[in-house]
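Structure first, commentary second.
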Amino acid sequence: ANMIRYESEQYPRLMLYVEGLSNGFRRMYEIINDMIDVSLIDLHAVELNYTQFYLERIILLVADNMDKHFFARGVDLVIMPLGQELRIYADQDKVVSAFTKVLLNALKFTPDGGKVTVSTILTRQDEANEDLAGYVEVLVADTGIGLNPEDLEVIFDKFTSTMDASLHSSSKTNFKGGGAGLGLPIARGILEAHGGRIWIEDASPGAAVC
């Protein structure tokens, strides 16, 4: 595809086809990587490279990487300040991947002009000690279309979608965009490999909290 692109620079119409081909290859590459990730999760073979890093910086990094997609849809992405510098011990790359997939899911099911808010709270402070400052919860809330109560756990199953496939677009970031149904299962697998978990607290329309 890159070779064809180089040879087609003088032909704008052909360049459109080449870009479509490249985007298709890129999407296929992403799906293959997702399938590898979910296979490793199923086999409990996820390798974690632990480092210490500031949680807020990672959240802001993910938000910055996704900002163009939110901007294109007119969806506000609001990151609430933590109020303090929280350092966590985890696999930074995999945490970035998990946050990215959760935010992408929130964007896909939030109508244009909506809002996605990320906030963080410290919990289980009674369990804090000199080695552990407590536990942290990252809340992702959106003004999306919500979920039926019976679908609260289903969305974390691989290759699962609660939407009518005929209504899906071919974009990963458009409203109700299509996908392989691997984003949230991978996010769950990553978080559980760290000893954490992910769940839905409020799935009502306009107030979904994950």
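The values are calculated or read from the model by the stated rules, or taken from the named source; none is laboratory data. Everything numeric here is computed off the predicted structure, so don't read it as measured data. For neighbour counting, all protein chains shown are included, and Cβ atoms are generated from backbone atoms with ideal geometry for every residue, glycine included. Only protein heavy atoms, including side chains, enter the accessible area calculation; ligands, DNA and RNA are left aside. Shrake-Rupley method; radii C 1.70, N 1.55, O 1.52, S 1.80 Å.
A few points about this structure:
- When residues of region 43-78 are limited to those that are surrounded by 11 or more Cβ atoms within 10 Å (Cβ to Cβ) and among the acidic types (D, E), the one farthest from D91 (Cα to Cα): D76
- Qualifying residue in region 17-37 (condition: within 27 Å of Y135 (Cα to Cα), in contact (Cβ under 8 Å) with a residue 40 or more places away in the chain and either among the acidic types (D, E) or touching a strand residue (DSSP E or B) at 6+ places or on another chain (Cβ under 9 Å) (or both)): yes
- Which numbered condition L107 misses (of (1) more than 15 Å from the chain's Cα centre (by Cα); (2) buried (at least 19 other Cβ atoms within 10 Å of the Cβ); (3) of a type outside the set (D, E, K, R)): (1)
- Test for V209: is it open to solvent by less than 40 Å² (accessible area, probe 1.4 Å), at pLDDT below 75 and farther than 24 Å from N23 by Cβ: yes
- Extreme residue, farthest from S204 (Cα to Cα), among residues of region 89-98 that are of a type outside the set (K, R) and open to solvent by 40 Å² or more (accessible area, probe 1.4 Å): Y89
- Verdict on V38 being open to solvent by less than 50 Å² (accessible area, probe 1.4 Å), part of a helix (DSSP H, G or I) and in contact with a helix residue (DSSP H, G or I) (Cβ under 8 Å, 6 or more places away or on another chain): yes
- Failed condition for G195, given (1) outside any helix (DSSP H, G or I); (2) open to solvent by 40 Å² or more (accessible area, probe 1.4 Å); (3) modelled with pLDDT under 75: (3)
This table checks each residue for (1) assigned to a helix (DSSP H, G or I); (2) at pLDDT 85 or above; (3) β-branched (V, I, T); (4) under 21 Å from S97 (Cβ atoms).
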site: R5; (1), (2), (3), (4): yes, no, no, no
site: E9; (1), (2), (3), (4): no, no, no, no
site: R13; (1), (2), (3), (4): yes, yes, no, no
site: L16; (1), (2), (3), (4): yes, yes, no, no
site: E19; (1), (2), (3), (4): yes, yes, no, no
site: S22; (1), (2), (3), (4): yes, yes, no, no
site: F25; (1), (2), (3), (4): yes, yes, no, yes
site: Y29; (1), (2), (3), (4): yes, yes, no, yes
site: I32; (1), (2), (3), (4): yes, yes, yes, yes
